[in-house]
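Trainee: Let me give you the structure first, and then I'll get to my questions.
The values are calculated or read from the model by the stated rules, or taken from the named source; none is laboratory data. Being a predicted model, the structure only gives us computed values, none of them experimental. Neighbour counts run over all protein chains shown; Cβ positions are idealised from the backbone, glycine included. Accessible surface areas use protein heavy atoms only, side chains included; no ligands, DNA or RNA. Shrake-Rupley method; radii C 1.70, N 1.55, O 1.52, S 1.80 Å.
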Number of protein chains: 2
Amino acid sequence: MTAKKITSWSIGDLAREFDVTTRTIRFYEDEGLLQPERRGQTRVYSAADRTALKLILRGKRLGFSLAESRQLIQMYNPDANRAQLEALLGKIHERRAQLVQQLRDIEVMQLELDEAEQRCLECLK
Amino acid sequence: MTAKKITSWSIGDLAREFDVTTRTIRFYEDEGLLQPERRGQTRVYSAADRTALKLILRGKRLGFSLAESRQLIQMYNPDANRAQLEALLGKIHERRAQLVQQLRDIEVMQLELDEAEQRCLECLK
DNA sequence: GGAGAAGTTTACGTTAACGTAAACTAGCGG
DNA sequence: CCGCTAGTTTACGTTAACGTAAACTTCTCC
């Protein structure tokens with residue numbers, strides 16, 4: 001028996017899985033970040049939508065704005081002409097530079113947390 | 001001749017150094033994140049204020065709220081009683097956990113950027 | 001002593017990212 | 001048939017983090 005692969009989700013499914021409200025998911029659609037289909041009135045989300053949502057939330061954890069996440073999502077789509085692709089490459093490098101900076105920031109902050117912890121423990125002795 | 005070490009800054013100094021507006025710096029003071037002294041009317045910032053500002057801005061790059069940065073700043077101050085210190089240790093661990101998550105997010109995102117770049121380059125060939 | 005330049009206070013304005021509430025519809029089990 | 005659950009639209013509200021503008025003082029430089 002081969003496991004069935006789920007290929008579509010309701011708004012509630014996604015809300016539960018990623019621990020966000022349905023309002024949030026609809027908001028992202030308003031902003032053009034998600035494009036669910038409709039079965040009647042009801043939204044039906046594809047694997048692509050689910051991936052996009054994952055991207056958005058990961059972006060949020062790193063302090064990205066929705067505008068920035070929008071670009072990240074675009075990087076997943078190969079539907080672009082030459083000029084757009086080259087612009088995309090630019091954005092990719094920008095993002096990468098930002099990530100490198102964030103890595104540095106995290107390293108420094110980790111060291112500082114270590115020191116802060118030491119000071120705390122010293123005081124408690 | 002030994003180099004003089006600067007120990008105080010004007011609001012303009014800090015604004016220039018960290019590329020923020022003076023409005024922003026005063027706002028942080030309103031929020032209790034900075035505590036400059038006064039020479040008459042004029043604010044005079046100490047090394048501690050400068051460090052705090054650095055913390056805030058690094059926090060911002062990682063998506064921290066000012067409330068979170070406020071806690072980070074507190075971690076630099078050893079002026080606390082036992083209960084506060086233990087609470088502080090808790091916050092330190094929370095922050096560390098968040099940083100670890102961010103590190104994971106960054107790694108994944110870097111890989112995805114690599115892939116996105118490959119796809120871009122493929123399309124351009 | 002007049003004109004900048006840099007500082008100050010006060011206060012209203014703005015944007016992003018949703019929250020919250022109301023009022024409605026559609027399917028489903030008992 | 002009825003009530004429940006999950007979904008929908010519309011619209012106003014809210015919070016964080018400053019921006020922006022006005023009106024004022026203080027210092028310095030020529």
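Trainee: Quick one: if the Förster radius is 30 Å, what FRET efficiency do A:T22 and A:V100 give, using the C-beta to C-beta distance and rounding to 0.05?
Mentor: Once the sixth-power term is evaluated, E becomes 0.25.
Trainee: State the Cα centre-to-centre distance between segment A:25-85 and segment B:17-37 in whole Å.
Mentor: First find each Cα centre; the distance between them is then 36 Å.
Trainee: At q = 0.19, 0.20, 0.23 Å⁻¹, what is the base-10 log of I(q)/I(0) for segment B:6-118 according to the Debye formula with one equal point scatterer per Cα and no solvent? Please give it to two decimals.
Mentor: Log10 of I(q)/I(0), two decimals: -1.01, -1.07, -1.23.
Trainee: Copy-to-copy spacing for B:A47, label 7 Å out on the Cα-to-C-beta vector, in nm, shortest first?
Mentor: 5.8
Trainee: Next question, about the same structure. To the nearest 10 Å², what's B:D30's accessible area with a 1.4 Å probe?
Mentor: 120
Trainee: Okay, next question. Given Cβ point charges of +1 (Lys, Arg) and -1 (Asp, Glu) and nothing else, what value in debye, to the nearest 20, does the dipole of segment B:78-125 about its Cα centre take? Show your work: numbers first, answer last.
Mentor: Details: 7 positive and 10 negative charges, 55 e Å.
Dipole of segment B:78-125, to the nearest 20 debye: 260 debye.
Trainee: Quote the accessible area belonging to B:I6 in square angstrom, nearest 10, computed with a 1.4 Å probe and with ligands, DNA and RNA left uncounted.
Mentor: About 110 Å², rounded to the nearest 10.
Trainee: Over segment A:29-125, what is the mean sequence separation of C-alpha contacts under 8 Å (at least six apart), divided by residue count, expressed as relative contact order in percent? Before the final figure, lay out each step's value.
Mentor: Numbers: 33 pairs, mean separation 13.5, N = 97.
That works out to 14 percent.
Trainee: Sticking with this structure for a sec: What number, in nm² with one decimal, is the all-direction average of the projected area of the convex hull of the alpha-carbon atoms of segment A:1-63?
Mentor: 5.2
Trainee: Of all GluC sites (Glu not before Pro) in segment A:1-110, which ones are in loop regions per DSSP and have a Cβ with at most 15 other Cβ atoms within 10 Å?
Mentor: A:E31
Trainee: If Rh is defined by the Kirkwood formula over all Cα pairs and Rg also comes from Cα, what ratio Rg/Rh do you get for the protein assembly as shown?
Mentor: Result: Rg/Rh = 1.07.
Trainee: Which of A:N81, A:M1, A:S65 sits farthest toward the positive end of the charge dipole of the protein assembly as shown, with +1 on the Cβ of Lys and Arg and -1 on the Cβ of Asp and Glu?
Mentor: It is A:S65.
Trainee: Gap in Å between the Cα centre of segment B:103-122 and the Cα centre of segment B:88-102?
Mentor: If you average the Cα positions of each part, the centres end up 26 Å apart.
Trainee: Additional query: State in Å² the accessible area per residue of the protein assembly as shown; use a 1.4 Å probe, count heavy atoms of protein chains only, and round to the nearest integer.
Mentor: 62
Trainee: What accessible area, in Å² to the nearest ten, does a 1.4 Å probe give for A:T42?
Mentor: Answer for A:T42: close to 80 Å² accessible.
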